1. Six or more apart or on different chains, Cβ atoms under 9 Å: show the pairs whose first residue is in segment 167-183 and more than 11 Å from Glu138 (Cα to Cα) and modelled with pLDDT of 95 or more and whose second is of a type in the set (Ser, Thr, Tyr) and not in a loop (DSSP other than H, G, I, E, B).
2. Suppose the filter is touching a residue at least 12 places away in the same chain (Cβ under 8 Å) and aliphatic (A, V, I, L, M); does Ala189 pass it?
3. Give segment 176-211 a look and list any residue that's basic (Lys, Arg), part of a helix (DSSP H, G or I) and farther than 13 Å from Ile149 by Cα, or say none.
4. Inside segment 1-24, can you point out the residues that are of a type outside the set (Ser, Thr, Tyr) and open to solvent by less than 50 Å² (accessible area, probe 1.4 Å)?
5. Check whether at least one residue in segment 148-166 is part of a helix (DSSP H, G or I), at pLDDT 95 or above, of a type outside the set (Ser, Thr, Tyr) and closer than 22 Å to Asp71 by Cβ, and report yes or no.
6. Confirm whether Lys173 is open to solvent by 70 Å² or more (accessible area, probe 1.4 Å), among the charged types (D, E, K, R), closer than 22 Å to Ala109 by Cβ and in a helix (DSSP H, G or I).
7. It is to be established whether one or more residues within segment 32-48 are at pLDDT 95 or above and more than 27 Å from Ala85 (Cα to Cα).
8. Among (1) within 26 Å of Gly80 (Cβ to Cβ); (2) assigned to a helix (DSSP H, G or I), where does Thr22 come up short?
Amino acid sequence: LYLLGYVLQRENKPRESLEVFTKAAAIAPPLANDLKIVALDYVLIDDYPDAIHWLTKAVEADPKNAEAWYDLGRSQMNQGDFVAAQQAFDHVLALSPEDVKALNNLGLAYEAQNRIPDALRAYERAIASQREAAHPSEQPLLNYGTLLISQNRTGEAIAALEPAVKIAPKDAKCHEALSRAYLRAGRLAEARRQMEDAVAFDPENPRLHDQ
């Protein structure tokens, strides 16, 4: 039954999954990973308070479950509790110091608290941790570059955003951020090309048409 509940969650059938987990729990207590899947069912139905409740139960049952700590942090961020989210990502990193997703989200949690130097360091660690990765993520580069733009560190922002665009050439946000950086640097032709690409990849976004 627990396995069936997991399969239903993966098939994006959260309510059916929860019904099965309820039946399973009447037979045998759930393990930490079962509680994590229950929580992810609640994420799918946009019920983050219940997701946080069950993820908290999951990490209490297994404090070394890095995935549950990560999902808890993401759910807490969704609810605007950035201090708690930061603490959850710290737990992930205590278990897996090079976890790129946790480092990137730690940066976001710091940024939301206006802890800019801490956010920059977290993004830098995320970028360094994926330097040898076969399939790096553009997200820490994008977040780092965007934050650098806000700090008027335009050259450094461009240095981060150019590889982000190479990693994710169809990501409108990467093109938009690089366009803004080029504009700040007075590189107008390049800024225009990047914004045209952003519009091409996200034509329904009205904000891009106003740039």
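1. Pairs found: Ala177/Thr146; Arg180/Thr146; Ala181/Thr146; Ala181/Thr154; Tyr182/Thr154.
2. Working: touching a residue at least 12 places away in the same chain (Cβ under 8 Å): no; aliphatic (A, V, I, L, M): yes.
No: the conditions fail for Ala189.
3. Passing the criteria: Arg192, Arg193, Arg207.
4. Those that are of a type outside the set (Ser, Thr, Tyr) and open to solvent by less than 50 Å² (accessible area, probe 1.4 Å): Gly5, Leu8, Gln9, Pro14, Leu18, Val20, Phe21, Ala24.
5. So the first thing to find is which residues in segment 148-166 are part of a helix (DSSP H, G or I), and the list is 148-150, 154-166.
Pick out the ones that are also at pLDDT 95 or above and you get 148-150, 154-166.
Filter once more, keeping what is of a type outside the set (Ser, Thr, Tyr): 148-149, 155-166.
Now narrow it down to the ones that are closer than 22 Å to Asp71 by Cβ: none.
Scanning segment 148-166 turns up no residue that is part of a helix (DSSP H, G or I), at pLDDT 95 or above, of a type outside the set (Ser, Thr, Tyr) and closer than 22 Å to Asp71 by Cβ.
6. Details: open to solvent by 70 Å² or more (accessible area, probe 1.4 Å): yes; among the charged types (D, E, K, R): yes; closer than 22 Å to Ala109 by Cβ: yes; in a helix (DSSP H, G or I): yes.
For Lys173, the condition - open to solvent by 70 Å² or more (accessible area, probe 1.4 Å), among the charged types (D, E, K, R), closer than 22 Å to Ala109 by Cβ and in a helix (DSSP H, G or I) - is met.
7. No, there is no match, as no residue in segment 32-48 is at pLDDT 95 or above and more than 27 Å from Ala85 (Cα to Cα).
8. All conditions are met except number (1).
The values are calculated or read from the model by the stated rules, or taken from the named source; none is laboratory data. All values reported here derive from a predicted model rather than from experimental measurement. With ideal geometry, Cβ positions are generated from the backbone for all residues, glycine too; neighbour counts draw on all protein chains shown. Each accessible area value is taken on the protein alone, full model and side chains, heavy atoms only, with ligands, DNA and RNA left out. Shrake-Rupley method; radii C 1.70, N 1.55, O 1.52, S 1.80 Å.
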